[in-house]
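Some notes on the structure that comes next.
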Amino acid sequence: MRGCRKWTLTLAALCVCGAPARAADDKPKPVPEQGAIELVLLRHKAVRDDLKLTRNDARKIQEFTEQQWKKEQEAEAIADEKERDRRYDEMTREDERFLQENLTPEQKKRLDQITLQVAGLLWITRPEVAAALKLTDEQKQKVVELQKAARKEMEELLYSEKRRDRQAELRAHQEACRQRILELLTDEQEAKYNELIGEPFRGELKFDEADPGSDAEP
């Protein structure tokens, strides 16, 4: 039923995690890798508004991501590692195909820019981004170390039961990760990075935002 399932978004320059809010007795779920990041972002109205997507687009995004979430749950239950990885690879191709078929080239470019701004510490390890920045092997290794540290921080933020302003902490952590990226890059690489991220994304990404279809027409 629409509105009953919330997607918890945990964002930092490291990673994005989107999944239905877990019950109190659920075991913590690892932060997903980069394959689904763009789709998770599209579940947020602020991102769809930036891309000028329609209410019908929002409904398509909701339906597809709910479908993929169910497939991910099924894949996680598979004991055979090779078969599980095959399912994940198949889902990744489905995600990419969905984006290609439902976004214009201009919208996809802007989504890539927003993703790099939001999940930069993870996103700069993508082959095309690393190549554009001309990251050295030493820098790539340093990024891996930074990712591990940021992942630990994000998991603590996501799964802590303490009452806190997680939205403010999220923004602070995202900025801290952005600074870690800039400290890693040379002046030339930083200039290229600023070119890749494009205009600043000024929308607000929230924890427990309602399903994207909730603003769609009946």
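Report those helices (runs of 4 or more DSSP H) wholly inside region 104-207 carrying at least 3 residues which are within 30 Å of T54 (Cα to Cα) and open to solvent by 80 Å² or more (accessible area, probe 1.4 Å). Before you say what the answer is, go through the steps one by one.
Working: elements: 105-118, 120-123, 127-133, 137-159, 166-184, 187-197.
Once the helices (runs of 4 or more DSSP H) in region 104-207 are filtered for at least 3 residues that are within 30 Å of T54 (Cα to Cα) and open to solvent by 80 Å² or more (accessible area, probe 1.4 Å), what remains is 105-118.
Across region 41-65, which residue is surrounded by the fewest Cβ atoms within 10 Å (Cβ to Cβ) among those that are of a type outside the set (D, E, K, R) and in contact with a Gly (Cβ under 9 Å, 6 or more places away or on another chain)?
First, the residues of region 41-65 that are of a type outside the set (D, E, K, R): 41-42, 44, 46-47, 51, 53-54, 56, 58, 61-62, 64-65.
From the residues that got through so far, the ones that are in contact with a Gly (Cβ under 9 Å, 6 or more places away or on another chain) too are 41, 44, 46-47, 58, 61-62, 65.
Values: L41: 26, H44: 23, A46: 15, V47: 23, A58: 21, I61: 24, Q62: 20, T65: 21.
The extreme case among them is A46.
Quick one: which residue in A75, A79, A58 is within 25 Å of K152 (Cα to Cα) and of a type in the set (A, V, I, L, M, F, W, C)? Show your work before the answer.
Details: A79 fails: within 25 Å of K152 (Cα to Cα); A58 fails: within 25 Å of K152 (Cα to Cα).
One residue alone meets the criteria, A75.
Can you tell me how many residues in region 70-103 are part of a loop (DSSP other than H, G, I, E, B) and surrounded by 12 or more Cβ atoms within 10 Å (Cβ to Cβ)? If you could, list the steps in order and put the result at the bottom.
Filtering region 70-103 down to residues part of a loop (DSSP other than H, G, I, E, B) leaves 77-80, 103.
If we keep only those that are surrounded by 12 or more Cβ atoms within 10 Å (Cβ to Cβ) as well, we get 78, 103.
Of the residues in that region, 2 qualify.
Examine region 20-32 for a residue that is at pLDDT below 50, of a type in the set (A, V, I, L, M, F, W, C) and in contact with a strand residue (DSSP E or B) (Cβ under 9 Å, 6 or more places away or on another chain), and state whether such a residue exists. If you could, list the steps in order and put the result at the bottom.
Taking region 20-32 as the starting set, the residues that turn out to be at pLDDT below 50 are 20-32.
From the residues that got through so far, the ones that are of a type in the set (A, V, I, L, M, F, W, C) too are 21, 23-24, 31.
After this cut, where a residue has to be in contact with a strand residue (DSSP E or B) (Cβ under 9 Å, 6 or more places away or on another chain) as well, the list is 21, 31.
Yes, region 20-32 contains at least one residue that is at pLDDT below 50, of a type in the set (A, V, I, L, M, F, W, C) and in contact with a strand residue (DSSP E or B) (Cβ under 9 Å, 6 or more places away or on another chain).
Those residues that are closer than 15 Å to E188 by Cβ and not hydrophobic (A, V, I, L, M, F, W, C), I need them from region 122-136; list them, please.
Residues satisfying the conditions are K134, T136.
Among (1) within 27 Å of A172 (Cβ to Cβ); (2) at pLDDT below 90, where does D85 come up short?
Going through (1) within 27 Å of A172 (Cβ to Cβ); (2) at pLDDT below 90 one by one, D85 breaks only (1).
Do you know which residues across region 33-59 are assigned to a helix (DSSP H, G or I) and more than 18 Å from the chain's Cα centre (by Cα)?
From region 33-59, those assigned to a helix (DSSP H, G or I) are 34-42, 45-51, 55-59; that's our starting set.
Scanning region 33-59 gives R55, N56, D57, R59.
Yes or no: region 124-133 includes at least one residue that is at positive phi and more than 14 Å from the chain's Cα centre (by Cα).
In the first step, residues of region 124-133 are kept if they are at positive phi; the result is none.
No, region 124-133 has no match at all.
List every residue pair whose Cβ atoms sit under 8 Å apart, with the two residues 6 or more apart in sequence or on different chains, where the first one lies in region 42-66 and is within 15 Å of D95 (Cα to Cα) and the second, anywhere, is open to solvent by 80 Å² or more (accessible area, probe 1.4 Å) and among the charged types (D, E, K, R).
Pairs found: E66/R5.
The values are calculated or read from the model by the stated rules, or taken from the named source; none is laboratory data. Being a predicted model, the structure only gives us computed values, none of them experimental. Note that we place each Cβ from the backbone using ideal geometry, even for glycine, and neighbour counts take in every protein chain shown. What goes into the accessible areas is simple: the full protein's heavy atoms, side chains included, and nothing from ligands, DNA or RNA. Shrake-Rupley method; radii C 1.70, N 1.55, O 1.52, S 1.80 Å.
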